[in-house]
Every structure is written in structure tokens, then in C-alpha cells.
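Nothing in this text is a laboratory measurement; each read-out follows from the coordinates by a stated rule. As the structure is a prediction and not an experimental result, all values here were calculated from the model. A quick note on method: Cβ atoms are made from the backbone with ideal geometry, for glycine too, and the neighbour counts reach across all protein chains shown.
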Amino acid sequence: MELTSHNLKSNVKDALGNEQLQKALSNVPKGFIDKRAKAAAALDEFEELRDKGREIKDHTLANLDLYLEAYEQKVIENGGHVHWAKTADDARRIALEICQKHNAKTVTKGKSMITEEVELNEHLLENGIEPVETDLGEYIIQLRNEKPSHIIAPAIHLNQGQIEEDFRRVHTHLEEDRDMSEPETLLAEAREVLRKRYFEADVGFTGANFLVAETGSSVIVTNEGNGDLTQTLGKVHVVMASIEKVVPTLADCSQILRILARSATGQDMSVYTTFSTGPKREKDPDGPKEYHVILLDNGRSDMLGTEFEEMLRCIRCGACINHCPVYHSIGGHAYGSIYPGPMGSVLTPSLAGVEKAGTLPNASTFCGRCESVCPMRIPLPKMMRHWREKEFEQHLQPKAARYGLAIWAYFAKRPKLYRALVSFAMPALSVLGGTRKRISSLPLASGWTKHRELPAPEGRTFMQAWDQREALKQEAN
Amino acid sequence: MSDIRHSVLADIRGALSKKAPDEERAKAVAERLGGRPTGIIPKRGQLKQNERVELFAEMAQKVHSSVTRVSDYDEIPGCIGNYLREHNLPAELIMGADRRLSKADWSLEKNLTIKKGPSDGNDLVGVSHAKAGIAETGTLLMASGSENPTTINFLADHHVVVIAAKDIKGDMESAWGSLNKKDGNVVMPRAVNFITGPSRSGDIEQKLLLGAHGPRALKIIIVG
């Protein structure tokens, strides 16, 4: 997984100054927050289902080895093949071997974060095989040679005009006077171009939202139908999925499906939920001739039994990202990982190591919104705090942060000195705030005040306010 | 290959065995897979037959499907003929070998050309028969096979799905019950598609666009 998370600070600076990005990001809260709230409120059992979802995943994780074996056995019974991958390298190698065995020239791909994680496209290209992303958002970012900036809305960092430019640049068959100023025309163009590609593809790759141990089925949840065309029309269907995607039964899967789409896009159900079980059968008129599953670990088994195990409950709905004020301000690319937002700030250090991605959990206001909307009730803020502690313990923070904390600790351990200092500072800051009670520039705090104003204190310290309150109480008695 | 399998499973087992003995875990897994306990079923769909069909239609329309109810399979050809004329579509369609669809009196629509088999991507209108419906969300359950090829579900511009009113269930779990069973276990068709409305995308500035890669329109005909 290619990471630029160590550049978080400069990435953030660029993102905040990028007008196009800021305009595009204004669609995030508008598009997701109300819809989720309405969908959740419209289902009486929503909160109970969240508890149930947590219980199902906890039970599965506690028996993960056994459920994976049960799942594998069912896939084989249904005529499919199961391949195990410990690392991203293993997964890429196995995927390439399957493609080469079938002399694949082009492969289509349904939207899959796991293939992003193992950088499958790059590997296929290096070996002379053309990967074609078929999800509209993924197709757009493939044209731009970018990574997704959101796990369920990969092109959310772009505006319509930018996409139009890309289509004109790459789709050279388009006539200049063809009107491409509406999203509908862009979609129609992508639809037409991609239709041919599905039929040409030798292999279709998809991810999986779930793997069902009871039946050996892989499940994808989509709105566009591209994932289904990919897995139906390719001669070979390859599912790449991480090990924690397994659930015990169809009944368990149904429970979690009820909270997935509602949390993600505010739909009761996504348009297409497909359960694929093995290759084309004797009397089937359509479907892939071969069916393969690549089960990827890539650091996940190391999370079991640790304080980060609960992260493996994640069903990749994106709700934490959609509700994160930090994501709203900086977008996904600034995180420097394909997993952005709160879920990424916990998962990326788990997969790539705290030394490479330990800075990500600092990109949080700890407002707790992520945990409050997570359908699987993952305690994201708590886990981000764990990573911050680890970052501190391993001396990975920048000097300024360590010295700053040391200075603060010096005063915090000396209450008299601390109180004397703040009783001088508070009135001074209050005066600086003026009648608007906002501070727009302050020495040593330009990192804050450059992009937003600092609310000015009222003029008294907490201790002073408390003393006064107690005194008033005494008088009243 | 088997080395990797062994090492992945050993790493998982190493972490999990500390928390509970393997025998205890094996028992819990066998019970879960054997018993398949049902979870929480939303009350929304727990209605009498006719109300359930009404809820199904209401939920399907909410997600941009259009719904017509007819009393008999012989009304289907006329209903589809009207749909084609209303939408200025050529009098051609494709469908699989579904017996209930084949039984309808297609001679009532004299000009209609009917192709049988899977779609090659050049069909404007495809007709399928659903295995079941899910009232709580207005969802169709489609089972793959020669009766209803999966390609028709995704390649036709206009997808017309016929469903028997009695097959409309209140919830997802009951819909699973419509699939065939062997020794008490569900026999999964190669593909089961849950379909809830026509294909859509929100990938450009979060604007809702219908007809992304799959059908631009979904027409549901409820029979009975």
C-alpha cells in the first residue's frame, strides 16, 4: 500500500488551499448526513440491528479460522477455487497467475478497496494486462491516474467540470461540439464505452462485502450494476476479499445488510445485492466458467486479540468518513492512504505500522461523531487514542509536539504557577478578541488562525468562574 | 500455496485459542451453522397478504420502479405491449425459458417479437420472472438459471419483472425461504440478485442519476 501519510501536514495545507477540492467537498455533508439520519429513523429496529451486527461480527472474529475453513469447503463443493494470501505480494501474484493462465489481455473490475490496497492495477499493467475500472467513480479516477478519495464515493473530490475535461482528453472520439456539461451525458458516455469492455474482458475482478460460510457465496452490494456485469460477463470471475469479510449464515448477512446501505447512502437497500456461488452450472445460459476467491490477510490476523481487533468489524459503509469534520475540510487524499477518515486513521497504522501512519490519528477533533454513526459500533476515537499513545511511546511525534506537551506538562504539574499564568492570559486573550469575541491572528497559533478564527475566552479562568459560582451558592443559602 | 493457507490459519488460531479453547469454539460454530438462528425481523413487513403486496409496491415505487398489478398471467402480454408503446420502444423483447411467462398468451400481442435466451447486450427490453419479493424494501429476488438468465437483469435498458403476489414476502429472511432446499439446507442458484430499483449512480457531485450500467427503468408487474 503506497502511503504518503507522513506528509499529512503539507497535504492538509494543500487541501485547504485547493478551491476546486473545497467546492467538491461541500457536497459531502449535504449528500450523506441527512439521508442516513432519515433512513435510520425510518426503521424502528435500526439501533437493535446495530447491536446485532456487532454481536455477529464479534462471534465470527472469535472463530475466524473455523468460519474461513467452513467457507472454503463450501466454495470448493460448489466448483470454485480458494487461494490464500498472507501478504499483498501473494495476492498480486495469485491474481496475475490466474490472468496469465487464461491469456488475459484485459480485465474488468468492480469497485474493490482490497484491490486498491494490494495495488493490483499497477501489477497487472506492469505485466501487460489492462485493468478497466467499471464503477463510474473508479473509472473517472482511473482516467486521472488518481487514487480513490473515499471508500464508497471514489471521485467525490472532483467537480463536474473537471470530469468533463478528463473525458474530452481521453475519449478522443468525442466531437468538440458535443454537449458534455451535464452529469447525465458524462454517465451516458461512460456507459457506452464500458459496455464493450465487459464483453471483451477475459477476467472480471470484484471485491466482496461479505463471504457467507453457510453457502460459500461471495456478496457484492452496488448501485450501478457494474460489479454484476463484471462478474457475470468475464470468462473468469475472481473475488479478492480480506479474511474478516466472512459471516456465518445468510440470516446473519441479512441482518447486517439492513444497516449497511442505510449507514452508507441512506438507502434502505442498495440497488443490487448479489450472492455468487461458484461458476456457471451445467444448464446455466450465462455466468463465468471459473470462479476463484483470493483470501487476503495482509496484517489482519495480527490485529486479533489486540486493542484494535474491533476494527475488523468494519463493513466499509463510509459513515464515519461522511460525518467527520476533518474529512469535510481536507478530503480523502490528504490522509495519504486509500483508507481515509476515522476508519482509515485506525486501520492504516494497523496494516502499515505506526511508524509509517502513526500521524493519522492526530487528524481528529475527537468529536465522537464517527462512533455515534458507526453501524458496527466500533469505538473509533478510543482506538485513535491508542495509536496516539503508541506514537508517543515510540517517540514518533515531531519535536514541536513533544516539546509543546513537555512545556504544558511542566505547568500542569504545578497548579499554582499554572493558575497564575492563565489568570493573566485569559483576560489578555479576551481583550484581543474584541467585541466579536474572535481572534483572527495570534503568535504561535497561525496554524489555527490562518484557516479559521479562534473563539476568544470570556476573560475569567475556569477556577475563577467556579469560585464565583460557589460563593453565590453560599450567599443564597 | 498450502503453506500460506497453513500460516494464515495458524496465525489466526494462535490469537484466538488464548481466549477460548478450540473445542468450545468448534461447538459454537457447528451450532451456528446448523441452527442458523434468525435475528431481528423488522415489524414493517409483518402484514397480511394484501397489505404486504401494497407495501411492496409502495417501497418499490419509492426507489423509482414502476408497478402495475394484474389479475392473471394472460394480462401480461397486453401490459408489456402497452409499456412498449408508451415508451416508444420497438415491439421486441428477450426472456428466458420461465414456464409461467411462457404459458401466458403472447398471441394477444401480434406484432411482438420474442427472443429466448441470455442477452448479448443488444436488447432494449428484457422480461424476467422473480423468485420472490421483499416487501420491507420493495426488493425483487432473482435466481439465475436458464429460466431467467442473469444477463437479462443487467443488460436490457428496460427490465420488466413479473412477480406472483403470493411470492411477495414480508422480509428478507422469509424470501430466502422461497429457494429450493435439500436436506434442510438452502440450495443456492449460481447467482441470487436482490434488485431494488433501476440502476443508479451518485458518483458525479452526488447527483442521483438513473441508468448507470444496468437498466435505466425497472417495471414490476404483480400477478394476482
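Under 1.5 on a/c is rounded, so check that first for segment A:37-178, then, if it is not, pick prolate when a/b is larger than b/c and oblate when it is not; a ≥ b ≥ c are the square roots of the alpha carbon gyration tensor eigenvalues. In terms of gyration-tensor shape, oblate. Peptides A:60-70, A:279-289, A:366-376 ordered by packing proxy, namely the average of other Cβ atoms within 10 Å per residue, highest first: A:60-70, A:366-376, A:279-289.
Starting from the Cα gyration tensor of chain A, take the square roots of the eigenvalues, sort them a ≥ b ≥ c, and report rounded, prolate or oblate (rounded when a/c is under 1.5, otherwise prolate if a/b is larger than b/c, else oblate). Prolate, since a/c reaches 1.5 and a/b exceeds b/c. Taking 15 Å as the straight-line reach from the Cα of A:Lys105, the aspartates and glutamates in range (excluding those fewer than 8 positions away in the same chain) are A:Glu97, A:Glu122, A:Glu126, A:Glu130, A:Glu133, A:Glu200, A:Asp202. Averaged over peptide B:180-193, the number of partner chain Cβ atoms lying within 10 Å of each residue's Cβ comes to 5.
Taking packing as the residue-averaged number of other Cβ atoms within 10 angstrom, the listed peptides A:390-402, B:193-205, A:422-434 run from highest to lowest as B:193-205, A:422-434, A:390-402.
Across the options A:Leu158, A:Thr106, A:His123, the greatest Cα extent toward the positive end of the charge dipole of segment A:45-161 (unit charges at beta carbon of Lys, Arg, Asp, Glu) belongs to A:Thr106.
Within 10 Å of each Cβ in peptide A:219-231, how many partner chain Cβ atoms are there on average? Round it to a whole number, please. Provide the component values of the computation, followed by the final result.
On the way: counts 2, 0, 1, 6, 13, 10, 14, 6, 3, 11, 9, 1, 2.
Shielding by partners across A:219-231 averages 6.
Of the beta bridges DSSP finds with both residues in chain A, what % are antiparallel, to the nearest 5? Close to 30 percent. The lysine pair tally for segment B:43-223, using Cα distances under 12 Å and a gap of 8 or more places or different chains, is 4. A simple charge model with +1 on the Cβ of Lys and Arg, -1 on the Cβ of Asp and Glu and nothing else charged puts the dipole of the protein assembly as shown at about 2060 debye relative to its Cα centre.
When the Gaussian network model of chain B links Cα atoms closer than 10 Å, the mean-square fluctuations of B:Ala165, B:Ala91, B:Ala132 top out at B:Ala91. Simple spin-label model, 7 Å along Cα-to-Cβ: A:His395 to B:Ala91 in nm? Reported label-point gap for A:His395 and B:Ala91 is 8.6 nm. Look at the dipole of segment A:392-445 built from charges on Cβ: of A:Ala420, A:Phe392, A:Ala409, the Cα furthest out on the positive end belongs to A:Ala420. log₁₀ I(q)/I(0) of segment B:19-173 at q = 0.12, 0.16, 0.18 Å⁻¹, via Debye over equal Cα point scatterers, no solvent, to two decimals? Evaluating at q = 0.12, 0.16, 0.18 Å⁻¹ gives log10 I(q)/I(0) of -0.60, -0.92, -1.09. Checking the cross-link pairs A:Lys57/A:Lys356; A:Lys437/A:Lys473; A:Lys35/A:Lys109; A:Lys109/A:Lys245 against a 22 Å limit on the alpha carbon distance flags A:Lys57/A:Lys356; A:Lys437/A:Lys473; A:Lys35/A:Lys109 as lying beyond it.
Can you bin segment A:100-164 into rounded, prolate or oblate? Criterion: square roots of the alpha carbon gyration tensor eigenvalues sorted a ≥ b ≥ c, rounded for a/c under 1.5, prolate for a/b above b/c, oblate for the rest.
Because a/c hits 1.5 or more and a/b exceeds b/c, segment A:100-164 counts as prolate.
Summing Cβ point charges (Lys, Arg +1; Asp, Glu -1) relative to the Cα centre of segment B:147-224 gives a dipole of roughly 120 debye. Summing charges over neighbours of A:Lys382, with a neighbour being any other residue whose Cβ is under 12 Å away from its Cβ, gives -1 when K and R count +1 and D and E count -1.
Other residues within the sphere of radius under 15 Å centred on the Cβ of B:Arg200, judged by their own Cβ, net out at -2 (K and R +1, D and E -1).
Pairs of Cα atoms nearer than 8 Å and 6+ residues apart set the relative contact order; for chain B it is 23 percent.
Within chain A, the cysteines lacking any other cysteine Cβ closer than 4.7 Å to their own Cβ are A:Cys99, A:Cys253, A:Cys314, A:Cys317, A:Cys324, A:Cys367, A:Cys374. Averaged over peptide A:187-200, the number of partner chain Cβ atoms lying within 10 Å of each residue's Cβ comes to 3. The Kirkwood radius of segment A:177-217, taken over pairs of alpha-carbon atoms, gives through the Stokes-Einstein law at 4 °C and 1.567 mPa s a diffusion coefficient of 96 µm² s⁻¹. Summing Cβ point charges (Lys, Arg +1; Asp, Glu -1) relative to the Cα centre of segment A:55-298 gives a dipole of roughly 540 debye.
Over segment A:1-119, the Kirkwood radius and the radius of gyration, each from Cα atoms, give a ratio Rg/Rh of 1.08.
Under a Gaussian network description of chain B, with springs only between Cα atoms under 10 Å, the residue in B:His159, B:His213, B:His87 that fluctuates furthest is B:His87.
Compute the angle between helix A:160-170 and the longest alpha-carbon principal axis of chain A, please, reported from 0 to 90 degrees and rounded to the nearest 10. Once rounded, the angle reads 40 degrees. With the charge dipole of chain A set up from +1 on Lys and Arg Cβ and -1 on Asp and Glu Cβ about the Cα centre, the Cα lying farthest toward the positive end among the listed residues A:Gly447, A:Ile321, A:Leu260 is that of A:Gly447.
How do A:Tyr198, A:Tyr139, A:Tyr335, A:Tyr403 rank when sorted from fewest to most other Cβ atoms within 10 Å of their own Cβ? If you can, show how the numbers build up before the last one.
Numbers: A:Tyr198 22, A:Tyr139 25, A:Tyr335 29, A:Tyr403 11.
With the sparsest Cβ surroundings first, the list reads A:Tyr403, A:Tyr198, A:Tyr139, A:Tyr335.
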